[in-house]
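Participant: What follows is a single structure, and I will ask about it in a moment.
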Amino acid sequence: ASFLLLCFRSPLATPLIFGLLLQAPPTQLSTITQPNFVLLLADDLGIGDVGCYGNDTIRTPNIDRLAKEGVKLTQHIAAAPLCTPSRAAFLTGRYPLRSGMDAVNDYRVIFWNAGSGGLPPNETTFAKILQQQGYSTGLIGKWHQGVNCESRNDHCHHPLKHGFDYFYGMPFTLISDCQPVETPEMDRGFRRKLWLSTQTIALITLTAVLGRLTGLISVQWKTLTCLAGFSLLFFVSWFSSYGFVRYWNCIMMRNHGITEQPMVTDRTTSLILRESISFIERNKHRPFLLFLSFLHSHTPLLTTEKFLGRSRHGLYGDNVEEMDWMVGQVLDAIDKEGLKGTTLVYFASDHGGWLERQEGKRQLGGWNGIYKGGKAMGGWEGGIRVPGIFRWPGVLPAGRVIDEPTSLMDIYPTVVQLAGGAVPQDRVMDGRDLLPLLRGAVAHSEHEFLFHYCGVHLHAVRWHQRDTGAVWKAHYVTPIFSPPGAGACYDRGFCPCFGEGVTHHEPPLLFELSQDPSEAKPLSADTEPLFDTVIRKIGRAIEEHRRTLTPVPEQLSVSNVVWKPWLQPCCGTFPFCWCDKEGDN
């Protein structure tokens, strides 16, 4: 008592107590029932492209403001290094191979709107649970989780079958084929082989016909007719799909209806922003979930004229700065409707930046800062470490930085429990509720191990040793960079997951990320006394993890990803698919 009396008599006591009284206390969660959720997910954005993560040349003031007013995660990890599997994990809170959304082959994403693979109907997304809790749920932007299963209009993989009340955007993903002036991007190498094969067959056919006409070759006309028919059939078989990619894949939908086929890229950005703000305005009097899945910053980098030439990093920088402006517009809409204190805002990217995406001297992909590797690389940090920012004024502390392993899969249990729902108990869930960590109620992430897959192939494992704070990472498989030492697979366009393009490591490469985040200096038994202990510990974790895996249908098998004309979404009478309902309006 005498000590307390002495403290209060201190000349420092009065301003200290006054300051404490003025400080606004954190809002009790019990006073906020069913907050709104605005989830902002960038496409192919590198962690090094954002100001609050160290970039001092691309201007991202609105994303930086989110970090200043909220919590920034510095070790936020995607469950996969490519769009389709990463987003499947984000939506379900589970590693993508649990739902069949990761590939055993080289087709590691959904390739066509008219494929039959996609997010299985038996998977429960966080949107579906929030919908059951009375939320209005909307998805604006990119989906890339499939459309149909058996017929053109069954929509078994569609957002509206996975818990979203409203959908406006692309059922596929943005690709350079969506702009006629751009070099085709989709399956570029395979298309070259098809063209070469077609020209070879046509040349053989033409040579045989000329030989028959000149009498140099003795061959029946019936045989030549069959050969010509085969040439034509071969050409039609592939050109009917690859020759019309812009019409088959580059479409915009509102709910189940097609609004643009092909999409009019000049107005896509403004329409997505308009739809996002309109959704907030329509649902301001009820709890809502808005998942704004940006088309930025994926090639062909759709950028309006207002932002062209504004950045110091060419078209890619212009595109990122425009996306940041869109983030600001959404935040302004939240403020305008008086929803700032009751809305949890989250910003992230689906995976790392695409290092190999270049056209001549133009760099069209992102930058991953100090981290090695990029998009498509399942193990290296540059492919999977992404921005992660949460803002909820009055509930989450402003300016907090957390360097604990977290995952995009953690969004699932976090939003579900805040909405008053229950995480499914009939399946293995890999995400963990982040709220205690974000609020500072606990010091450490619940993730002891994170498993880093490339397709269905386990490339690396991260172990967070909580008692020491060390973050160990063992690489069992790494891609072979081409040219050697280049830091990416520039000769291929993408790094592979298996085969001749990878190296298997026995013993595995080991790094301690808290000391070597760039994964530049692999440890060994000679340089690290705990090497064998760490490798054994991670090995046991892999065995335990694999016991939780069960066989499921492969959604990205070759038979599921090929183009099927009877599944093609079409706003006319197939194959005459063309409409512009936005233009009509």
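Participant: Please identify the pairs in which a residue from the stretch 234-263 that is assigned by the TED database to the domain that holds T573 has its Cβ atom under 6 Å from the Cβ atom of a residue that is assigned to a helix (DSSP H, G or I) and among the aromatic types (F, W, Y), counting only partners at least 6 apart or on another chain.
Facilitator: Listed by first residue and then by second, the contacts come to P262/Y247.
Participant: Residue under question is S270, and the condition is that it be open to solvent by less than 20 Å² (accessible area, probe 1.4 Å) and either within 30 Å of E321 (Cα to Cα) or assigned by the TED database to the domain that holds E321 (or both); does it hold?
Facilitator: Judged against the criteria, S270 is not a match.
Participant: From the list W563, W578, which one is of a type outside the set (A, V, I, L, M), touching a Phe, Trp or Tyr at 6+ places or on another chain (Cβ under 6 Å) and within 30 Å of E260 (Cα to Cα)?
Facilitator: Only one candidate passes the filter, namely W563.
Participant: OK, next. Looking only at the stretch 468-486, how many residues end up being under 25 Å from the mean Cα position of the chain (by Cα), part of a strand (DSSP E or B) and not hydroxyl-bearing (S, T, Y)?
Facilitator: Going through the stretch 468-486 one residue at a time, the tally reaches 7.
Participant: When the residues of the stretch 129-157 are narrowed to those that are among the polar types (S, T, N, Q) and surrounded by 24 or more Cβ atoms within 10 Å (Cβ to Cβ), which ends up nearest to S116 (Cα to Cα)?
Facilitator: Among residues in the stretch 129-157 that are among the polar types (S, T, N, Q) and surrounded by 24 or more Cβ atoms within 10 Å (Cβ to Cβ), the one nearest to S116 (Cα to Cα) is Q145.
Participant: Considering each of L174, L160 in turn, give the residue that is among the aliphatic types (A, V, I, L, M), assigned by the TED database to the domain that holds M263, surrounded by 20 or more Cβ atoms within 10 Å (Cβ to Cβ) and in contact (Cβ under 8 Å) with a residue 40 or more places away in the chain.
Facilitator: L174
Participant: In addition: Would you check if A470 is free of Cβ contacts under 8 Å to residues at least 60 places away in the same chain, open to solvent by less than 50 Å² (accessible area, probe 1.4 Å), farther than 19 Å from M377 by Cα and among the aliphatic types (A, V, I, L, M)?
Facilitator: So A470 passes the test.
Participant: Give me the residue from the stretch 100-124 that is in contact (Cβ under 8 Å) with a residue 60 or more places away in the chain, closer than 24 Å to Y166 by Cβ and of a type in the set (S, T, N, Q) and, out of that set, least open to solvent (accessible area, probe 1.4 Å).
Facilitator: Only one residue fits best here, namely N113.
Participant: With a cut-off of at least 1 residues that are modelled with pLDDT of 95 or more, closer than 30 Å to L174 by Cα and touching a strand residue (DSSP E or B) at 6+ places or on another chain (Cβ under 9 Å), name the helices (runs of 4 or more DSSP H) lying wholly within the stretch 1-73.
Facilitator: 61-69
Participant: Here are some residues: V401, V395. Which one is more than 30 Å from N122 (Cα to Cα), in the same structural domain as T124 (by the TED database), of a type outside the set (D, E, K, R) and part of a strand (DSSP E or B)?
Facilitator: V401
Participant: Does the stretch 466-478 contain any residue that is closer than 15 Å to C495 by Cα, among the polar types (S, T, N, Q) and in contact with a strand residue (DSSP E or B) (Cβ under 6 Å, 6 or more places away or on another chain)?
Facilitator: Within the stretch 466-478, one or more residues are closer than 15 Å to C495 by Cα, among the polar types (S, T, N, Q) and in contact with a strand residue (DSSP E or B) (Cβ under 6 Å, 6 or more places away or on another chain).
Participant: Ok, one more. Would a scan of the stretch 229-241 turn up a residue that is closer than 24 Å to Q145 by Cβ, more than 23 Å from the chain's Cα centre (by Cα) and modelled with pLDDT of 90 or more?
Facilitator: Yes, because at least one residue in the stretch 229-241 is closer than 24 Å to Q145 by Cβ, more than 23 Å from the chain's Cα centre (by Cα) and modelled with pLDDT of 90 or more.
Participant: Now for a separate question. Looking at D403 and the list (1) of a type in the set (D, E); (2) under 27 Å from K128 (Cα atoms); (3) touching a residue at least 12 places away in the same chain (Cβ under 8 Å), which single condition is not satisfied?
Facilitator: Of everything listed in (1) of a type in the set (D, E); (2) under 27 Å from K128 (Cα atoms); (3) touching a residue at least 12 places away in the same chain (Cβ under 8 Å), D403 misses just condition (2).
Participant: Would you pick out the residues in the stretch 233-284 that are polar (S, T, N, Q) and within 18 Å of C178 (Cβ to Cβ)?
Facilitator: Answer for the stretch 233-284, where residues must be polar (S, T, N, Q) and within 18 Å of C178 (Cβ to Cβ): S241, N249, T259, Q261, T265, T268, T269, S270.
Participant: OK, next. Tell me, yes or no, whether the stretch 356-369 has at least one residue that is surrounded by fewer than 17 Cβ atoms within 10 Å (Cβ to Cβ), assigned by the TED database to the domain that holds S136 and under 25 Å from L513 (Cα atoms).
Facilitator: For the stretch 356-369, residues surrounded by fewer than 17 Cβ atoms within 10 Å (Cβ to Cβ), assigned by the TED database to the domain that holds S136 and under 25 Å from L513 (Cα atoms): absent.
Participant: Being under 13 Å from T74 (Cβ atoms) and hydroxyl-bearing (S, T, Y) is the filter here; which residues of the stretch 386-423 pass it?
Facilitator: T406 - this is the single residue of the stretch 386-423 that is under 13 Å from T74 (Cβ atoms) and hydroxyl-bearing (S, T, Y).
Participant: Taking only the stretch 80-114 into account, find how many residues are more than 9 Å from the chain's Cα centre (by Cα) and part of a loop (DSSP other than H, G, I, E, B).
Facilitator: Qualifying residue count for the region: 19.
Participant: With the condition kept exactly as written, say whether any residue in the stretch 352-365 is closer than 26 Å to A443 by Cα and in contact with a helix residue (DSSP H, G or I) (Cβ under 6 Å, 6 or more places away or on another chain).
Facilitator: Looking through the stretch 352-365, none of the residues is closer than 26 Å to A443 by Cα and in contact with a helix residue (DSSP H, G or I) (Cβ under 6 Å, 6 or more places away or on another chain).
Participant: Restricting to the stretch 420-440, and then to whatever is touching a strand residue (DSSP E or B) at 6+ places or on another chain (Cβ under 8 Å) and in a loop (DSSP other than H, G, I, E, B), can you tell me which residue is most open to solvent (accessible area, probe 1.4 Å)?
Facilitator: R432
Participant: Same structure, new question: Suppose we filter T527, T573 for residues that are free of Cβ contacts under 8 Å to residues at least 12 places away in the same chain and loosely packed, with under 10 Cβ neighbours inside 10 Å; which single one remains?
Facilitator: Within the list T527, T573, the selection yields T573.
The values are calculated or read from the model by the stated rules, or taken from the named source; none is laboratory data. Keep in mind the model is a prediction, meaning the values are calculated, not measured. For neighbour counting, all protein chains shown are included, and Cβ atoms are generated from backbone atoms with ideal geometry for every residue, glycine included. Areas reflect the complete protein model, heavy atoms only, side chains present, ligands, DNA and RNA absent. Shrake-Rupley method; radii C 1.70, N 1.55, O 1.52, S 1.80 Å.
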